Amino acid sequence: MLNYKASFERATHAEAFGSSNTPNPPARGQLPSALGTGATATVDMDELQHRMKNMLSVIQALSRQTMIHCATKEQFDQRFAARLSSYCQSIDRLIANNWRGLEIHDLIHTQLAAFADGTKDSVDGPELNMSTNAAHWIGLAIHELATNALKYGSLSVPRGRVHIAWTVLPADGGDRFQLQWRETDGPTVSPPDRRGFGGRLVQELIASAVSGKATHDFQTRGVIWTLDAPTAVVLDRRGDG
């Protein structure tokens, strides 16, 4: 079971930028970055600029697509704020990890914290460090699935449960990462009359973002969502021996 008591580590201003006595100042075009041990590393300005552009592009897409599918300003404010919060939570954890990916338990834990106390969810899978891009999009997908589960699915009733499992499987052309969200013991499920932005996000957008494929099945006994993608895209291997 998940234990939703995350502690968010923040670097202080002094830690982030160091002191005037830093023995090895960053090279021109680089910024100092805090590590947990107090040591410093450098972040290339080009890399930082690239990250910022990517983040702004995602935020713009979330805003534009949310607006298209909302009938009122109040509806837009509520939905966009929730999606933006989900996105920023993943960024928060990536910053805490010095942009070196995000462990999948931490990612799922962070996204589900707003929806459940840990008694209605189970996770099963190995420790895997997700790439920055995968963490962004998988985090958004988990948020959308949990939002729908709370409104219409297994999280809307006391007995309902959500099971999240993942694995890495060998395959021709490279290993594959597979993630499944399965709802049980909830109300009877039927496909929606129309698919909104959330439906597009958990199928088309995330599949495109991680070069994979996603299925979203509305089975009578519960929703099942599955993501299949190459590990070369979704995993950050920099920490591997």
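Quick note: the coordinates plus some simple rules give every number you see, no bench work behind them. Please read these numbers as outputs of a predicted model, since none were measured by experiment. Cβ placement follows ideal geometry from the backbone for every residue including glycine, while neighbour counts extend to all protein chains displayed.
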One quarter of the C-alpha convex hull surface, i.e. the mean projected area of the stretch 156-241 in nm², amounts to 7.4 nm²
Around Arg221 (Cβ within 15 Å, Cβ-to-Cβ, excluding Arg221; K/R +1, D/E -1) the net charge comes to 0
Filtering GluC sites (Glu not before Pro) in the stretch 65-139 by DSSP loop and by at most 12 other Cβ atoms within 10 Å leaves Glu127
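Give the residue list of trypsin sites (Lys or Arg not before Pro) in the stretch 138-228 that are DSSP loop and have at most 10 other beta-carbon atoms within 10 angstrom.
Values: sites: Lys151, Arg159, Arg161, Arg176, Arg182, Arg194, Arg195, Arg200, Lys213, Arg221; in loops: Arg159, Arg194, Arg195, Arg221.
In loop regions of the stretch 138-228 (DSSP not H, G, I, E or B), the sparsely surrounded trypsin sites (Lys or Arg not before Pro) are Arg159, Arg194.
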In the stretch 49-234, lysine pairs 8 or more places apart or on different chains with C-alpha atoms under 28 Å apart total 6
